[in-house]
Amino acid sequence: MPEPVGLGLPTPPPRPLAERRAARRIRVGSVAVGGDAPVSVQSMTTTRTSDIGATLQQIAELTASGCQIVRVACPAQDDADALPVIARKSRIPVIADIHFQPKYVFAAIDAGCAAVRVNPGNIKQFDDKVKEIAKAARDAGTPIRIGVNAGSLDRRLLEKYGRATPEALVESALWEASLFEEHGFRDIKISVKHNDPVVMIEAYRRLAAACDYPLHLGVTEAGPAFQGTIKSAVAFGALLSEGIGDTIRVSLSAPPAEEVKVGIQILESLNLRRRRLEIVSCPSCGRAQVDVYKLADQVSAGLEGMEVPLRVAVMGCVVNGPGEAREADLGVASGNGKGQIFVKGEVIKTVPESKIVETLIEEALKIAEQMEKDGVTSGEPAVTVS
């Protein structure tokens, strides 16, 4: 009987990069936020909320991509009227995003939304409505997110600080939280978003030190997919590695499902979420004897959606290729028109270059099937290689 070969990613380090900040725990529908709950991934629909069919369709797509909480805009009465159906039919918790009109806060609570996001900087006479909002939210068990944005900061704070500084963002958030606290309401999470990651990081550090509310991380108006991904990864990586952050939204000028993919990858990269498929591929260089870019893309496409924790190495030369392929669960070291296929450090076959992609996909599916039969979703699974 052949010896079993361990598969799966190395066991994560015994401790995260930093202990999680001790935040109070709230519930956004079925999802716990704060405390020792896992960091959750959010996104926001781009449809008109009043178009119930289109909105529910996009929520379904987001759910399939791994989104755990979804936010919908509510700028008009017909959007508010659509909330009861959307909140009832969505498979993930729905947060209503409210600006300008306090009446929509009450409509969202009555509609059964899992939470309501309010922006104190642009709701006229918002402070005068806090007592009523706190009572309605408390009676319904609906959390409130105080969402402060650099682009819509209260003018009083802009006059005081001259611009949207970290101090200004934090002061705005804590001031609004204190108003709710006066009425005994603390079922709150807070965000202080800025488009500059450096300002955003400093704001969240100050906020984390000043309160125990769970924090929603975001770099607002982060930009197109490439730029926004970099900004978000830098900012979230810095904060999450310090234990700061309880739920995240990557804001991209891209389809919402792309935001979710990036958010999940950030959490997996920090060992804050069980890793799934990971493609390790070289950047290519003058030593490469195959088109590594094409190979990596084809393997990624062929294995898209794989849920098991599998690391696949696609390497293009004999310098680092064999070593990286041996370290992965499954890998190929390419050169001279052929590829050596490795399974957990052992060469199991050599195939022509034209067969590399299909062979890697076949072997990955075999391994995944065995892992699923064994009930393996993380850690050090094993498979027998014949």
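Miscellaneous remarks
- Dipole of the chain computed with +1 at Lys/Arg Cβ and -1 at Asp/Glu Cβ about the Cα centre; of Ile109, Gln265, Val250, farthest Cα towards the positive end is Ile109.
- Cα-centre dipole for the chain with unit charges at Cβ (Lys and Arg positive, Asp and Glu negative), debye to 20: 560 debye
- Of the residues Val234, Pro84, Leu174, the one whose Cα sits farthest towards the positive end of the charge dipole of segment 26-270 is Pro84 (charges of +1 on Lys and Arg Cβ, -1 on Asp and Glu Cβ, taken about the Cα centre).
- Ordering of 327-333, 262-268 by packing [mean C-beta count within 10 Å, highest first]: 327-333, 262-268
- Fraction of accessible area attributable to carbon and sulfur, the chain (%, probe 1.4 Å): 51 percent
- Length-normalised contact order for segment 277-374 - Cα pairs under 8 Å, 6+ apart - percent: 23 percent
- Charge dipole of the chain about the Cα centre (unit charges at C-beta), most positive-ward option of Ala73, Ala313, Phe100: Phe100
- Here the peptides 192-198, 244-250, 83-89 are ranked by packing, the mean other Cβ count within 10 Å, and the order with the highest first is 244-250, 192-198, 83-89.
- In percent, rounded to a whole number, the relative contact order of the chain is 17, using alpha-carbon pairs under 8 Å and six or more apart.
- Value at 222 nm in deg cm²/dmol, rounded to 500, when DSSP H runs of n ≥ 4 in the chain each add -39,500 (n - 2.57): -12500 deg cm²/dmol
- Largest accessible area first, the residues Asp187, Asp128 order themselves as Asp128, Asp187 under a 1.4 Å probe with ligands, DNA and RNA left out.
- A Cα-only calculation for the chain places Rg and Dmax at 23.9, 76 Å.
- GNM result for the chain, Cα springs below 10 Å: residue of Leu310, Leu215, Leu169 fluctuating most strongly: Leu310
- For Asn195, neighbours were defined as the other residues whose beta-carbon sits under 10 Å from its Cβ, and their charges (Lys and Arg +1, Asp and Glu -1) total 0.
- Note that the chain presents 45 Å² accessible area per residue, ligands and nucleic acids not counted, probe 1.4 Å.
The values are calculated or read from the model by the stated rules, or taken from the named source; none is laboratory data. Everything numeric in this text was worked out from a predicted model, so none of it was measured. Positions of Cβ are backbone-derived with ideal geometry, glycine not excepted, and every protein chain shown enters the neighbour counts. Calculation scope for accessible area: heavy atoms of the full protein, side chains included, ligands and nucleic acids excluded. Shrake-Rupley method; radii C 1.70, N 1.55, O 1.52, S 1.80 Å.
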